[in-house]
2 protein chains.
Amino acid sequence: MKKINLRPMLKPASVAIIGASRDPEKVGHVILQNYLNAGYSGKLYAVNKNAGAEISGIKVFGSVLEIKQEIDLAVIAIPAQFVPEAMEECGKAGVKTAIVVSGGFAETGNKELQDRLVKVAEKYNMPTLGPNCLGVMDPRSRIDTLFLPTYKLSRPSVGGVSFVCQSGAVGSTVLDLISGEGFGLSKFISYGNAANVDEVDILNYLMDDEETKVIIMYVEGIKRGKEFIEIAKKITKVKPVVVLKAGRTPAGIAAAHSHTAALAGDYETHESIFRQFGFTVAEDINDLLNYAKIFSSESLPTGNKVAVITNGGGVGVLTADEISMSGCLEMSKFTKRSCDALRKIMPALVNIRNPLDLAGDADGERYSDALSVLSTDDNIDIFVIITLFQTPGADSRAAASLISFKEKTDKPMIDISIGAEYTRMHRIMMESSGLPVYDSPLAAISSLSALLKYSIYKNRK
Amino acid sequence: MKKINLRPMLKPASVAIIGASRDPEKVGHVILQNYLNAGYSGKLYAVNKNAGAEISGIKVFGSVLEIKQEIDLAVIAIPAQFVPEAMEECGKAGVKTAIVVSGGFAETGNKELQDRLVKVAEKYNMPTLGPNCLGVMDPRSRIDTLFLPTYKLSRPSVGGVSFVCQSGAVGSTVLDLISGEGFGLSKFISYGNAANVDEVDILNYLMDDEETKVIIMYVEGIKRGKEFIEIAKKITKVKPVVVLKAGRTPAGIAAAHSHTAALAGDYETHESIFRQFGFTVAEDINDLLNYAKIFSSESLPTGNKVAVITNGGGVGVLTADEISMSGCLEMSKFTKRSCDALRKIMPALVNIRNPLDLAGDADGERYSDALSVLSTDDNIDIFVIITLFQTPGADSRAAASLISFKEKTDKPMIDISIGAEYTRMHRIMMESSGLPVYDSPLAAISSLSALLKYSIYKNRK
């Protein structure tokens, strides 16, 4: 399979923004502004026939041909009918890669215009993303081609999760959500109509990208089935891939076609391919985030036995239910040695069993004591800690105890904390130290199941 | 069935706090403080043998017998072994109702102590909530017996949702979450071990409570099966009841027993009873909130045909998928009249179909125009609007357009908005005006399905 080098698109030393504008309502203005705001330190050129001599201190050229410098990436944000000609000029100017943000191609029936775009890309061997896309974001290289202002869409921090997204809308909402998560972003690649560069090319590139530890993707239609299977076979042996596939029903398939001109195809076929090759299948947007969180922070489990330690009995019961219903995880039976040791140090009110309910007055010390005993229990493969910060004993010291234990243990460990402001504060505290926090037993246990299933897939011969 | 009057417990003119304390670490201190903070305007008495003459300006009595005034409610927060005697004194003093916050009864094996408590409650005909519970909250009467400080657990505003909860931990976390929702609370009743007052008594009371429009409940075990069925038959004809039942698996059942001494029983039996009598079954904590939101703000739908109007194509596709997979909802086919009218006023980029993708630059006016045409479409029973506030056109004016339309239409209408701060601001804006907002297609459509199913149940003969 031919590998497309996306490096000049994601780590460009020089960028030309074609359609850069001084009108704050224009896409070409917001893109330029976001480059400046993100602190991009490469060379930046504005291209616009009618925009005067400079915009925000950046020199404006009438055509990309006038720049006469090496250009790694051209971001094209002009009306659809002018795009092929602008790309032709990019080709002539030796531009290495292009991103066509503009819509109005195959997704609105303008197949012919899109074919012209593809021809130019192929003629000049200029990998082109889009059209009808948001482009890319890479917080390490400070590339940000999004035309959405930062007050509307908070930008994620630097991390190991790459997000491949066919839809701009899903892309922008998920990015906005990632900005509030403890894990950060490696690359965001929104590829829209996939006219030239498609999901196969992108996965191929990200498979070897060392900055990418986990891939999450939203896809409407897969264009090249055979090549997709080829890359699918390889990529999940290297890193986990979570996929949300839209177009699962006839109504969804029809909607997808009018959205990105995608041929969504039969979902059962897609799903069975995903599962066969170890992809983690997401059912909803929130799954993308929940699964990214656990994959980016956890080592893989070596077994399926879970210890649940809680300061709230009811949430412990719900979590035990979810574990039992998961179909793969099991509640651990603590060793006699653990039970005897716990009985000695826990208050009389605490029933020594799994889930271990430390009671509503449990503080950081009680969590530490319990975890210290259970840390050497061979019947435990995974720790699920429930800390309800509404209770009298749970505070920042309790969160700190969990963070300390997390740093010491090799076993996967997650936390469940449910609530408003006081809880949110502690969630940030724990997640920024690498302890994933979930907001419901269902979200936590389905994520843990995904981690276990991937681990089983990966260890298969 | 004997009806227990819980009014003196929820709307007391006078409250005695037995175990009131000046030590800020003590439960009896936090409870007293919360009464004062909530602005309770009835008579408040502190009871404690060893607490001096007054606490926070409230006179302290050595025994409830010394008060010699009418007392509607005694809140008891003293070590378990002293509870029966304190209740005996309450009975002698003519106290009308009691809440035993203290734990250390049947849930820790102390069945005998709990039996003594029940005997006293019965002897004096003094309905008693608990033991091992958080008690009650009623933002109208400003009753708040919770021993959890407000900085940890934000208090909900006044509204129509009553929350019946066996577990204190689930109770406090869900209350904390409700505080961030647009709907408000009618009553919170945490009943712990259900030794005297149980879920049957509480449902019986709330059925006739005009302030309660919707009931959500978390239950571990149902004590009186026959009586529960009797009330279940009647209550869902009057108002919707959403139930989350813990103890769905052997591991969960065992955990529930050690938590509230509940006999969780066989889940399939419970679930089939719930469904037979029109309860809405929640699978997770978040469902309780999602369903409460739609039941508290929406009139019941008269049909199952949904129009989806979006400014983000991908989220529209996912929503169409969820509707098609719901098993009860259907995508509406817009009338020819609607399609012709939309074609005239929408930009050429907009495909006239359902989901109607208004495109990323849709502003409030475009939403208004589309909704105005579709408002008279007889093929539409329900509106699902998707507003992704990351997009260039979506702002407060777009939210205002939706609120205006919501005020005019009789049909159920919900919104899906997914994102961080800027989105959260608009979610609050819309929800405080009665437009429910969901954070994912799955959450939105499962809630809408619950609403439709309840409507079908209620309209059955």
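The values are calculated or read from the model by the stated rules, or taken from the named source; none is laboratory data. Just so you know, these numbers come straight off a predicted model, no measurement behind them. When we count neighbours, we look across all protein chains shown, and the Cβ atoms used for this are built from the backbone with ideal geometry, even at glycine.
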Output for region A:412-439, where each listed residue is outside any helix (DSSP H, G or I) and either surrounded by fewer than 22 Cβ atoms within 10 Å (Cβ to Cβ) or of a type in the set (A, V, I, L, M) (or both): A:MET413, A:ILE414, A:ILE416, A:ILE418, A:ALA420, A:SER432, A:SER433, A:GLY434, A:LEU435, A:VAL437, A:ASP439
Residues located in region B:340-359, provided they are touching a helix residue (DSSP H, G or I) at 6+ places or on another chain (Cβ under 8 Å), outside any loop (DSSP other than H, G, I, E, B) and within 18 Å of A:SER258 (Cβ to Cβ): B:LEU342, B:LEU356, B:ASP357
Residue within region A:187-206 that is free of Cβ contacts under 8 Å to residues at least 60 places away in the same chain, aromatic (Phe, Trp, Tyr), touching a helix residue (DSSP H, G or I) at 6+ places or on another chain (Cβ under 9 Å) and closer than 30 Å to B:ASP395 by Cβ present: yes
Residue match in region B:239-258 (condition: in contact (Cβ under 8 Å) with a residue 60 or more places away in the chain and among the small types (Gly, Ala, Ser)): yes
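Considering only region B:293-325, state which residues are assigned to a loop (DSSP other than H, G, I, E, B) and of a type in the set (Ser, Thr, Tyr).
Residues of region B:293-325 that are assigned to a loop (DSSP other than H, G, I, E, B), as a first pass: B:298-304, B:311-312.
Of everything in region B:293-325, those that are assigned to a loop (DSSP other than H, G, I, E, B) and of a type in the set (Ser, Thr, Tyr) turn out to be B:SER299, B:THR302.
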Residue that is surrounded by the most Cβ atoms within 10 Å (Cβ to Cβ), among those in region B:48-71 that are modelled with pLDDT of 95 or more and either more than 14 Å from B:ILE18 (Cβ to Cβ) or among the basic types (Lys, Arg) (or both): B:GLU70
1 or more residues in contact (Cβ under 8 Å) with a residue 40 or more places away in the chain: qualifying strands (runs of 3 or more DSSP E) within region A:29-99: A:58-61, A:73-76
A:ASP363, sole failed condition from (1) in contact with a Phe, Trp or Tyr (Cβ under 9 Å, 6 or more places away or on another chain); (2) at pLDDT 95 or above; (3) surrounded by fewer than 24 Cβ atoms within 10 Å (Cβ to Cβ); (4) within 14 Å of chain B (Cβ to nearest Cβ): (1)
Test: residue in region B:217-239 that is over 27 Å from B:ASN110 (Cα atoms) and either crowded, with 24+ Cβ neighbours inside 10 Å or among the aromatic types (Phe, Trp, Tyr) (or both): no
Residues that are touching a strand residue (DSSP E or B) at 6+ places or on another chain (Cβ under 7 Å), more than 25 Å from B:GLY265 (Cβ to Cβ) and surrounded by 22 or more Cβ atoms within 10 Å (Cβ to Cβ), drawn from region A:345-360: A:LEU358
Matching residues, region B:6-28, being at pLDDT below 90 and either in a loop (DSSP other than H, G, I, E, B) or among the aromatic types (Phe, Trp, Tyr) (or both): B:SER21, B:ARG22, B:ASP23, B:PRO24, B:GLU25, B:LYS26
Enumeration of residues in region A:360-393 that are outside any loop (DSSP other than H, G, I, E, B) and over 18 Å from A:THR335 (Cα atoms): A:GLY364, A:GLU365, A:ARG366, A:TYR367, A:SER368, A:ILE385, A:ILE386
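Can you confirm whether B:LEU342 is modelled with pLDDT of 95 or more, over 24 Å from B:ALA394 (Cα atoms), buried (at least 16 other Cβ atoms within 10 Å of the Cβ) and in the same structural domain as B:ILE414 (by TED's automatic domain parsing)?
Working: modelled with pLDDT of 95 or more: yes; over 24 Å from B:ALA394 (Cα atoms): no; buried (at least 16 other Cβ atoms within 10 Å of the Cβ): yes; in the same structural domain as B:ILE414 (by TED's automatic domain parsing): yes.
So B:LEU342 does not fit the description; no.
With B:SER455, B:SER449, B:SER440 as the choices, which residue is touching a Gly at 6+ places or on another chain (Cβ under 8 Å), at pLDDT 95 or above and over 25 Å from B:SER372 (Cβ atoms)? Show your work before the answer.
Working: B:SER455 fails: touching a Gly at 6+ places or on another chain (Cβ under 8 Å); B:SER440 fails: touching a Gly at 6+ places or on another chain (Cβ under 8 Å).
Result: B:SER449 is the single residue among B:SER455, B:SER449, B:SER440 that is touching a Gly at 6+ places or on another chain (Cβ under 8 Å), at pLDDT 95 or above and over 25 Å from B:SER372 (Cβ atoms).
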Evaluation of A:LYS333 against (1) part of a helix (DSSP H, G or I); (2) among the basic types (Lys, Arg); (3) surrounded by fewer than 19 Cβ atoms within 10 Å (Cβ to Cβ) (one fails), failing number: (1)
Checklist (1) farther than 27 Å from A:THR376 by Cβ; (2) modelled with pLDDT under 95 applied to A:SER297, failing item: (1)
Residue in region A:81-90 that is surrounded by 17 or more Cβ atoms within 10 Å (Cβ to Cβ), of a type in the set (Phe, Trp, Tyr), outside the structural domain of A:ASN204 (by TED's automatic domain parsing) and under 27 Å from B:ALA348 (Cβ atoms) present: no
Scan of region B:240-292 for residues that are more than 14 Å from every other protein chain (Cβ to nearest Cβ), surrounded by 24 or more Cβ atoms within 10 Å (Cβ to Cβ) and not in a helix (DSSP H, G or I), ordered by number: B:PRO240, B:VAL241, B:VAL242, B:THR280
Residue pairs meeting the criteria (Cβ under 7 Å; at least 6 apart or on separate chains; first within 14 Å of chain A (Cβ to nearest Cβ), in region B:1-28; second among the hydroxyl-bearing types (Ser, Thr, Tyr)): B:GLY28/B:SER21
